[in-house]
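Structure first, commentary second.
The values are calculated or read from the model by the stated rules, or taken from the named source; none is laboratory data. Keep in mind the model is a prediction, meaning the values are calculated, not measured. Cβ sites come from the backbone with ideal geometry, for glycine too, and all protein chains shown count toward neighbours. SASA here: full protein model, heavy atoms, side chains in, ligands and nucleic acids out. Shrake-Rupley method; radii C 1.70, N 1.55, O 1.52, S 1.80 Å.
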Amino acid sequence: YLSAIEDGLIGELGGDRWAMLCVLAAHMNKAGECFPSQQKIAEHLEVSRQAVNKRIQDLLEFEFKGKPILFLVATVEGVNRRGNR
């Protein structure tokens, strides 16, 4: 995380987006995928589910040095694009 400080990522993200990114990272598997519910994230951050939805949207729109830091992969009936449940 030191590079996130030195490169300026944390400063550009701000506190709310950084906290959201940390919670998502805590739920990631080795492939970089995470599937926590908005309710679970809301409990971790002690905010409303609606606030979580807004923060996720903010992260999806955020770019650092011209690159997105978060991607959304659509799932169908609980199955991701790789076919995993």
Zone residues, region 1-27, relative to Ala51, backbone N less than 16 Å from point 7 Å out along Cα-to-Cβ: 14-24
Percent carbon-and-sulfur accessible area, region 1-44, ignoring ligands, DNA and RNA, probe 1.4 Å: 55 percent
Placed amide H near Phe64: partners under 5 Å, 5+ positions off or other chain: Ile69
Mean accessible surface per residue for the chain, computed with a 1.4 Å probe while every protein chain stays in place, in Å²: 72 Å²
³J(HN,Hα), Karplus 6.51/-1.76/1.60, whole Hz, each residue of region 68-74, x for Gly, Pro: x, 9, 9, 10, 9, 10, 5
Chain lengthening between Ser37 and Glu6 when straightened (0.36 nm per residue, less Cα-Cα): 8.0 nm
From the coordinates shown, Rg and Dmax of the Cα atoms in Å corresponds to which of [x] 12.7, 39; [y] 13.5, 41; [z] 14.4, 44: [y]
Spatially proximal lysines relative to Lys40 (Cα-Cα < 19 Å; intrachain offsets below 8 disregarded): Lys54
Highest-MSF residue in the chain out of Val52, Val23, Val73 [GNM, Cα springs under 10 Å]: Val73
